[in-house]
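Only one structure is covered here, and it is reproduced in the block below.
The values are calculated or read from the model by the stated rules, or taken from the named source; none is laboratory data. Remember, it's a predicted structure, so these values are computed and weren't measured experimentally. Quick reminder, even Gly has a Cβ in these numbers, built from the backbone with ideal geometry, and neighbours come from all protein chains shown.
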Amino acid sequence: MDYNLDIPLERDLCFFDIESTGLSVLRDRILQLGIVKFFADGRPAAELNMLINPGMPISEEALSVHGISHKDVANKPTFQQVAQQIFDFIGDADLAGYNSGRFDIPMLLEEFARVGIEFDLENRRCIDVQRIFYKMEPRTLKAALKYYCDQEMPDAHDALADVRATIDVFKGQLARYKGVDYVDEDGKVEKAPIKKNIGALHEFTNDLRFADATQKLRYDHNGVLVFNFGKYMGKPAAELLAKDKQYYNWMLTKEFSSQLKQIIQKLVKDYEKQQAGKP
């Protein structure tokens, strides 16, 4: 396929999609990964598409969606065997996908964490095409392709086919919403947020009130990162985690996302460094 995104890039941009054994970001595993990488230097886009042996059962619900069976992946490599290839292919690229902020990105982070690879999101912009769609025209990917591109989608839930459809939808959105204002549920108007600018699209498609995909940490009205769950609900996270090491260690050892664990480790490290520098 000849890809032409027609958007200025400051760094490479990877559109990707995951098919998995189920819907749990923490417990399920990747079965198929499809990636299309656009290069900031103008080189032709590159594809990566692979089936992966998850080493665990595939749920009936997931099988009914993507149709990937145990037989299809029995002789395929495990994620550990291909993790470095995937990591190198993505490089330091920004990320984009459909529902990627709530599912694909957190699941990829978990898979990397299991094999000891730290996949840092801190300096990446992430665009969730579904967020544009749901904010502007709430529907599904198949309906989005029909709505924006007047195309049918016979191969829905094949990872690479989904990536290709997502790219087409994204280009259709850029064209359709050029110069169109967004009005939120409170009547607040945002002037023409859909534009050929990765930073602007990152801000529009991510809920910047939360620091992690599982929404365990959020920013309060002063911009301070606070707990969004549990006994410390609404309390400053950095100070409490630094002082309550039992709670901090509990979070690091329990079933929280690797993204959240990375964030709290950095919070505590930065807080302790700041306190050490005080007179």
Those residues of the range 43-62 which are among the acidic types (Asp, Glu) and assigned to a strand (DSSP E or B) amount to GLU47
Taking the range 224-241 and keeping residues buried (at least 19 other Cβ atoms within 10 Å of the Cβ) and in a helix (DSSP H, G or I) leaves ALA237, ALA238, LEU241
Of the residues that sit in the range 61-71 and are without any contact (Cβ under 8 Å) to a residue 60 or more places away in the chain and closer than 22 Å to LEU141 by Cβ, which one is surrounded by the most Cβ atoms within 10 Å (Cβ to Cβ)?
ILE68
Identify the residue in the range 1-52 that is without any contact (Cβ under 8 Å) to a residue 60 or more places away in the chain and not assigned by TED's automatic domain parsing to the domain that holds ASP104 and, among all such residues, is surrounded by the most Cβ atoms within 10 Å (Cβ to Cβ).
ASN4
What number goes with the only condition from (1) over 22 Å from ALA161 (Cβ atoms); (2) aliphatic (A, V, I, L, M); (3) surrounded by fewer than 19 Cβ atoms within 10 Å (Cβ to Cβ); (4) at pLDDT 95 or above that LEU121 does not pass?
(4)
Which of the numbered conditions does SER257 fail, given that it passes all the others? Conditions: (1) hydroxyl-bearing (Ser, Thr, Tyr); (2) free of Cβ contacts under 8 Å to residues at least 12 places away in the same chain; (3) buried (at least 17 other Cβ atoms within 10 Å of the Cβ).
(2)
Do any residues in the range 112-124 that are among the aromatic types (Phe, Trp, Tyr) have Cβ atoms under 8 Å from those of residues that are in a loop (DSSP other than H, G, I, E, B) and loosely packed, with under 14 Cβ neighbours inside 10 Å, where the two are at least six apart or on different chains, and which pairs are they?
PHE112/GLU118
Does the range 126-144 contain any residue that is touching a residue at least 40 places away in the same chain (Cβ under 8 Å), part of a loop (DSSP other than H, G, I, E, B) and surrounded by 17 or more Cβ atoms within 10 Å (Cβ to Cβ)?
no
In the range 1-42, which residues are aromatic (Phe, Trp, Tyr), assigned to a loop (DSSP other than H, G, I, E, B) and in contact with a Phe, Trp or Tyr (Cβ under 9 Å, 6 or more places away or on another chain)?
TYR3
So, in the range 164-223, how many residues would count as being surrounded by 14 or more Cβ atoms within 10 Å (Cβ to Cβ), in contact with a helix residue (DSSP H, G or I) (Cβ under 7 Å, 6 or more places away or on another chain) and assigned to a loop (DSSP other than H, G, I, E, B)?
9
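With respect to ASP92, is the statement that it is part of a loop (DSSP other than H, G, I, E, B) and surrounded by 14 or more Cβ atoms within 10 Å (Cβ to Cβ) true? Don't jump to the end; show me each part of the working.
Values: part of a loop (DSSP other than H, G, I, E, B): yes; surrounded by 14 or more Cβ atoms within 10 Å (Cβ to Cβ): no.
Taking the combined requirement at face value, the residue does not satisfy it.
Residues are listed down the side, and each one gets a yes or a no for (1) in contact with a Pro (Cβ under 7 Å, 6 or more places away or on another chain); (2) in the same structural domain as LEU26 (by TED's automatic domain parsing); (3) charged (D, E, K, R):
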| position | (1), (2), (3) |
| --- | --- |
| VAL180 | no, yes, no |
| VAL183 | no, yes, no |
| ALA237 | no, no, no |
| LEU241 | no, no, no |
| LEU252 | no, no, no |
| SER258 | no, no, no |
| LEU267 | no, no, no |
| ASP270 | no, no, yes |
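Could you say which residue among ASP162, ASP168, ASP158 is in the same structural domain as THR21 (by TED's automatic domain parsing) and more than 26 Å from ASN197 (Cβ to Cβ)? If you could, list the steps in order and put the result at the bottom.
Working: ASP162 fails: more than 26 Å from ASN197 (Cβ to Cβ); ASP168 fails: more than 26 Å from ASN197 (Cβ to Cβ).
One residue alone meets the criteria, ASP158.
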Selection from the range 40-77 of residues touching a Gly at 6+ places or on another chain (Cβ under 6 Å) and at pLDDT 95 or above yields ASN49
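Criterion first (farther than 20 Å from ASP104 by Cα and in contact (Cβ under 8 Å) with a residue 40 or more places away in the chain) does LEU217 satisfy it? Break it down into steps so the answer makes sense when it comes.
Details: farther than 20 Å from ASP104 by Cα: no; in contact (Cβ under 8 Å) with a residue 40 or more places away in the chain: yes.
When the stated conditions are applied, LEU217 does not pass them.
For the range 150-163: of the residues being surrounded by fewer than 17 Cβ atoms within 10 Å (Cβ to Cβ) and in contact with a Lys or Arg (Cβ under 8 Å, 6 or more places away or on another chain), which is modelled with the lowest pLDDT?
ALA156
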